[in-house]
1. Buried (at least 17 other Cβ atoms within 10 Å of the Cβ), modelled with pLDDT of 85 or more and in a helix (DSSP H, G or I), is that true of ALA100?
2. What number of residues within region 52-81 are open to solvent by less than 10 Å² (accessible area, probe 1.4 Å) and touching a Lys or Arg at 6+ places or on another chain (Cβ under 7 Å)?
3. Looking at region 114-145, which of its residues are modelled with pLDDT of 75 or more and either in a helix (DSSP H, G or I) or among the hydroxyl-bearing types (Ser, Thr, Tyr) (or both)?
4. Among the residues of region 35-51 satisfying the criterion of being of a type outside the set (A, V, I, L, M) and more than 21 Å from ASP97 (Cβ to Cβ), which is most open to solvent (accessible area, probe 1.4 Å)?
5. Looking at region 86-97, which of its residues are touching an Asp or Glu at 6+ places or on another chain (Cβ under 6 Å) and open to solvent by less than 40 Å² (accessible area, probe 1.4 Å)?
Amino acid sequence: MDQFKALNPTQPSNLRAAMRTGKTLLGVGLSFPSLEVARKLALTGYDWCFIDAEHAPFTPVLLAGLVSTISHYSSSKMIPVVRVPSHEPSFISTAIDAGAAGIILPHTETREQAQHLINECRFAPEGKRSYPPWSWIAGINNETPEGQVCLIFRAVRSGC
């Protein structure tokens, strides 16, 4: 997974490129709200980590810590993917700002909800994501990373 590592620690790895290789990517799930568990998982050698913030009592601060811990302790070899708890923009931006390479939005039932996710994940002109404070340093985090992935989780079929 070294070839998909982020250029700097404030950006996510290129999940899209990793998925397009055709290689089976093995992942591990994290639904226990513990930085210590995240540290241990980061050392397992899996390709990606599914952080389930929907079914566990994660705060935005803990979520950011988990994403950063996975990236740091795996030397950016494990790619964090976060299922956010709701359509609330703060969890989406927190996960992305911390370095999540993919966002899974649960309970997405309409085309408008899917577009909402894209808008929250992308900087202008592709979306409406706000810029984090460090983004104004050229080359650090001032554009949407090429390999960021927005995934929709559809549990209900209704017009999407």
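1. Numbers: buried (at least 17 other Cβ atoms within 10 Å of the Cβ): yes; modelled with pLDDT of 85 or more: yes; in a helix (DSSP H, G or I): no.
Against the criterion (buried (at least 17 other Cβ atoms within 10 Å of the Cβ), modelled with pLDDT of 85 or more and in a helix (DSSP H, G or I)), ALA100 does not qualify.
2. 1
3. ALA114, GLN115, HIS116, LEU117, ILE118, ASN119, GLU120, CYS121
4. Here is the first cut: in region 35-51, the residues of a type outside the set (A, V, I, L, M) are 36, 39-40, 44-50.
Those left that are additionally more than 21 Å from ASP97 (Cβ to Cβ): 36, 40, 44-47.
Details: GLU36: 79, LYS40: 125, THR44: 72, GLY45: 66, TYR46: 94, ASP47: 19 Å².
Ranking the candidates gives LYS40 first.
5. Initial filter on region 86-97 (touching an Asp or Glu at 6+ places or on another chain (Cβ under 6 Å)): 89, 92.
ILE92, the sole residue that qualifies.
The values are calculated or read from the model by the stated rules, or taken from the named source; none is laboratory data. Everything numeric in this text was worked out from a predicted model, so none of it was measured. All Cβ positions, glycine included, derive from the backbone under ideal geometry; neighbour counts span all protein chains shown. Quick note on the areas: whole protein, heavy atoms, side chains included, nothing else; ligands and nucleic acids left out. Shrake-Rupley method; radii C 1.70, N 1.55, O 1.52, S 1.80 Å.
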